[in-house]
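The values are calculated or read from the model by the stated rules, or taken from the named source; none is laboratory data. Remember, it's a predicted structure, so these values are computed and weren't measured experimentally. Glycine gets a Cβ as well: all are built from the backbone with ideal geometry, and neighbour counts include every protein chain shown. Accessible surface areas use protein heavy atoms only, side chains included; no ligands, DNA or RNA. Shrake-Rupley method; radii C 1.70, N 1.55, O 1.52, S 1.80 Å.
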Amino acid sequence: MSDAKIIKMDMGNLTGGTAGAVRPTLCLGIESSCDETSAAIVDSNRNILAHIIYSQIPEHQKYGGVVPELAARAHILAIDEVVKQTLAKAGKEFSDVDVIAATAGPGLIGGVLVGWMAATGMAQAAGKPLVAVNHLEGHALVPRLCATVASGAIGDANVEFPYLLMLASGGHCQILLVRGVGNYELIGQTLDDSAGEAFDKVAKMLGLGYPGGPIVDARAKNGNPRAFQFPRPLCDKPGCDFSFSGIKTAARTFLGRVTQPLSDEYINDFCASFQASVVDCIINRLGNAVRDSRVMAAAPRTLVVAGGVAKNSAIRSAMESLAERHNMVFAAPPMNLCTDNGAMIAWAGLENYRIGRVVDSPIAPRPRWPLTEL
Ligand code: KG4
Ligand code: ZN
């Protein structure tokens, strides 16, 4: 993405306050579905006024993954302070906020409950509108808040609907045709693990720590991607679904043969080869997706990657080349908006608020909540 630039788009006539006022709408967004307690104030002119991410990674690291009970407790301890500091950093009073948005699922239900109940309490006490944001929709829409766009053959383009989205996070791996807010068509999905899970599990097998994705990504840069023959599951089959469990099994089999302590060179080659197989699977499935009849009929101009795995350098550059081959523009959120964050929830809150999707009676958060059920 050498020629990448940050784009911001005009949000139309989404303004806050009384009729005729020109000030933008201010949204407080809260995210707590996994191991980040995060809040952000975002306005309808696509400005992120303040954004705080309190990461619990150090608390979960010694267990090699997120412990749901510990996460829920840590969210309870952090949430008030994170919201207070976010308002202070934005230089805003709570009364300045026009709309409140929080993740209402899917995710670890203890954590989701903490953020959602905090948001519900604030909205009810202050009589402010409340938006129940689907966490996956936060990932899916954040490229419209802010994205880096490669200068492609057809020039820079805004991330406008419809777009073809590779959504790859710790919990999900899906190809979606994003037609509009709340309008998602599932083109393909994983039949077993998500890509993020595969990265995390392979890193754990190698004793590299948690979360595994960034460590494997960094190690892969110094390794040989052809050193180990990892499989490319489903790549010889039509369709757009994924399967990563075979890659994980292959990793276990390779490591089972090792009798010596793992050298740095071995780990680097292993990471590079594993990552190459994940990249090949993603590109193969996306190659089929751009030729899918539903996608071709919608003719999206932009190929987008989002979710924590969108931070991966090899996936980004392979997707950029794929987009170029198909005369599409490649777009990705900036790194800090790929992994879980409050800004994506605030933005999805604003996009939903604009079309009147607010909560008018109490709702229960959902541990499972597919995008296609919006
Ligand atoms: O979206 P996210 O923050 O949380 C979920 O909603 O699940 O994604 C977290 C996932 C983890 O599995 C993490 O290992 C992965 O994103 N990840 C990466 C990279 N950075 C984070 N995977 C591959 N390469 C990276 N650079
Ligand atoms: Zn996420």
Tally the residues that are assigned to a strand (DSSP E or B), within 14 Å of ligand 1 (Cβ to nearest atom) and surrounded by 24 or more Cβ atoms within 10 Å (Cβ to Cβ), restricting the search to the range 99-113.
1
Kindly check whether there is at least one residue in the range 201-214 that is modelled with pLDDT of 95 or more, near ligand 1 (Cβ under 10 Å from one of its atoms) and open to solvent by 30 Å² or more (accessible area, probe 1.4 Å).
yes
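Before we move on, is Ile363 of a type outside the set (D, E, K, R), on the phi < 0 side of the Ramachandran plot, open to solvent by 60 Å² or more (accessible area, probe 1.4 Å) and modelled with pLDDT of 95 or more?
Taking the combined requirement at face value, the residue does not satisfy it.
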Whether any residue in the range 258-267 is within 30 Å of Ser55 (Cα to Cα), within 16 Å of ligand 1 (Cβ to nearest atom) and surrounded by 23 or more Cβ atoms within 10 Å (Cβ to Cβ) is what I want to check.
no
Residue match in the range 116-125 (condition: touching a strand residue (DSSP E or B) at 6+ places or on another chain (Cβ under 8 Å), modelled with pLDDT of 95 or more and within 16 Å of ligand 2 (Cβ to nearest atom))
yes
Exactly one of these conditions fails for Val279: (1) of a type in the set (Val, Ile, Thr); (2) within 11 Å of ligand 1 (Cβ to nearest atom); (3) within 17 Å of Asn336 (Cα to Cα). Give me its number.
(3)
In this structure, does Lys128 turn out to be closer than 22 Å to Ala348 by Cβ and not in a strand (DSSP E or B)?
yes
Any idea how many residues of the range 21-64 are within 13 Å of ligand 1 (Cβ to nearest atom) and in a loop (DSSP other than H, G, I, E, B)?
6
Select from the range 195-223 the residues that are part of a loop (DSSP other than H, G, I, E, B) and either within 15 Å of ligand 2 (Cβ to nearest atom) or within 13 Å of Lys248 (Cα to Cα) (or both) and list them in ascending order.
Leu206, Pro211
